[in-house]
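Participant: What follows is a structure written as structure tokens; I'll ask about it next.
The values are calculated or read from the model by the stated rules, or taken from the named source; none is laboratory data. Since the model is a prediction, treat every value here as computed from it, not as a measurement. Glycine gets a Cβ as well: all are built from the backbone with ideal geometry, and neighbour counts include every protein chain shown. All accessible areas refer to the heavy atoms of the entire protein, side chains included, with ligands and DNA or RNA removed. Shrake-Rupley method; radii C 1.70, N 1.55, O 1.52, S 1.80 Å.
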Amino acid sequence: MIEIGVKKQYGERVVLDVEKLRLENGRVYAVMGSNGSGKSTLAKILAGVLKGEGDIIYDAKKPRTGYMPQKSFAFDMSLTSNMLLGHAFRSRKEYKKKAIAILEEFGLRALIKKNAKKLSGGETEKLALARLMMDDYGLLILDEPTAAMDVNAVENAERILKEYFDRVKPTVLIVTHSPAQAKRMADELIFLNEGRVAETGPVGKLMAEPGSEELKRFLSVNF
């Protein structure tokens, strides 16, 4: 379990103020909210790439964390080399075989020798997700992981992620603007409004019976 109580502000502007948020082990959480509601800030603080005021408390030791930022990135090298970063001292042959298999799942097999800097936005997102699939994480944070993909690529990426969730059982935080994706992927919904947790609960229940006008309005525009 992870208990989050954090605040982030720039000057006088408070961008995130979470008094208490609890993430249960092995559950998938979708984080939604309008632009500027604090979604990416929450993801960054939980991932440890941004510092906030307050505490993040783990019921055991801090889990190994995988993070995909909102703006996906690729290193200036081939797709295969991108996949093998962090595995230089492990069995090169074994991990290269694993990397190629994962790239093939994401439809990138034909591009393995291409410089990753030349990929399209959707291809870069696929590569970023594929890199994460190389390892097992206790906490996985994905910020708009499929925003640049077409419909078929989204469907395939979600399938791969679900298989990963079933196998690894990580605690997952997915930031998404898509209520449909949240419903497909998540167990629980966290709805942020002006930096605060406005609602949280089972995703299906909250979408069927939103308790706040803000969530009702968000769903009416985005569903």
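Participant: Within the range 117-152, name every residue whose backbone N is under 15 Å away from a label modeled 7 Å from Cα of residue 98 along the Cβ vector.
Facilitator: Under 15 Å, as judged by backbone N against the label point of residue 98, lie 130-138 of the range 117-152.
Participant: Show me, for the range 17-32, the HN-Hα J-couplings you get by feeding each phi into the Karplus relation (A = 6.51, B = -1.76, C = 1.60, θ = phi - 60°), rounded to Hz, glycine and proline as x.
Facilitator: Karplus values, whole Hz, x for Gly and Pro: 8, 9, 6, 7, 9, 10, 10, 7, 4, x, 9, 10, 10, 9, 10, 10.
Participant: Next question, about the same structure. Tally Lys/Arg at +1 and Asp/Glu at -1 over every other residue whose Cβ is under 13 Å from the Cβ of residue 57; what's the total?
Facilitator: Neighbourhood net charge equals +1.
Participant: Kindly provide the helix-only [θ] at 222 nm of the chain, computed as the sum of -39,500 (n - 2.57) over DSSP H runs of four or more divided by all residues, to the nearest 500 deg cm²/dmol?
Facilitator: Computed mean residue ellipticity for the chain: -11000 deg cm²/dmol.
Participant: Give me the net charge of residue 119's neighbourhood, meaning all other residues with Cβ under 12 Å from the Cβ of residue 119; Lys, Arg count +1, Asp, Glu -1.
Facilitator: Net of charged neighbours comes to +1.
Participant: Now, a different point. Using a/c under 1.5 as the rounded threshold, could you call the range 111-154 rounded, prolate or oblate? The axes a ≥ b ≥ c are square roots of the C-alpha gyration tensor eigenvalues, and prolate needs a/b larger than b/c, oblate otherwise.
Facilitator: oblate
Participant: Could you tell me whether the range 60-115 comes out rounded, prolate or oblate from its Cα gyration tensor? Rule is a ≥ b ≥ c as square roots of the eigenvalues, rounded for a/c under 1.5, then prolate if a/b exceeds b/c, otherwise oblate.
Facilitator: oblate
Participant: For the range 39-65 and the range 172-223, what is the separation of their Cα centres, given in Å?
Facilitator: Here the two parts' Cα centres lie 21 Å apart.
Participant: For the chain, with every protein chain kept in place, what is the accessible area per residue (1.4 Å probe, Å²)?
Facilitator: 52
Participant: Against the longest principal axis of the chain, how steep is helix 92-105, in degrees 0 to 90 to the nearest 10, with axes from Cα atoms?
Facilitator: Long axis of 92-105 versus the principal axis of the chain: about 60 degrees.
Participant: Which percent of the accessible heavy-atom area of the chain goes to carbon and sulfur, probe 1.4 angstrom?
Facilitator: Summing carbon and sulfur atoms, their accessible area is 48 percent of the total for the chain.
Participant: Please give the helix 213-222 orientation as an angle from the longest Cα principal axis of the chain, in degrees from 0 to 90, rounded to the nearest 10.
Facilitator: Helix 213-222 and the main axis of the chain meet at about 30 degrees.
Participant: Compute the helix-to-body angle for 151-168: its Cα long axis versus the longest principal axis of the chain, expressed 0 to 90° and rounded to tens.
Facilitator: 90
Participant: Continuing with this model, one more query. Among 26, 68, 95, whose Cα projects farthest towards the positive end of the dipole of the chain, with charges put on the beta-carbon of Lys, Arg (+1) and Asp, Glu (-1)?
Facilitator: Of the candidates, 95 comes out farthest on the positive side.
Participant: Given [x] 18.2; [y] 17.0; [z] 21.2 as candidate values of Kirkwood radius over Cα pairs in Å, which corresponds to the one derived from the coordinates?
Facilitator: The value computed from this structure is option [x].
Participant: Of 175, 193, 133, which is farthest on the positive side of the dipole of the range 119-202, counting Cα position, with +1 on Lys and Arg Cβ, -1 on Asp and Glu Cβ, and the Cα centre as origin?
Facilitator: Farthest towards the positive end: 133.
Participant: Okay, next question. Past the 23 Å Cα-Cα mark, which pairs from 8/216; 44/205; 126/169; 71/169; 44/93; 62/98?
Facilitator: In this structure, 8/216; 44/205; 71/169; 44/93; 62/98 exceed 23 Å between Cα atoms.
Participant: Rounded, prolate or oblate, given the Cα gyration tensor of the range 35-146, with a/c below 1.5 counting as rounded?
Facilitator: oblate
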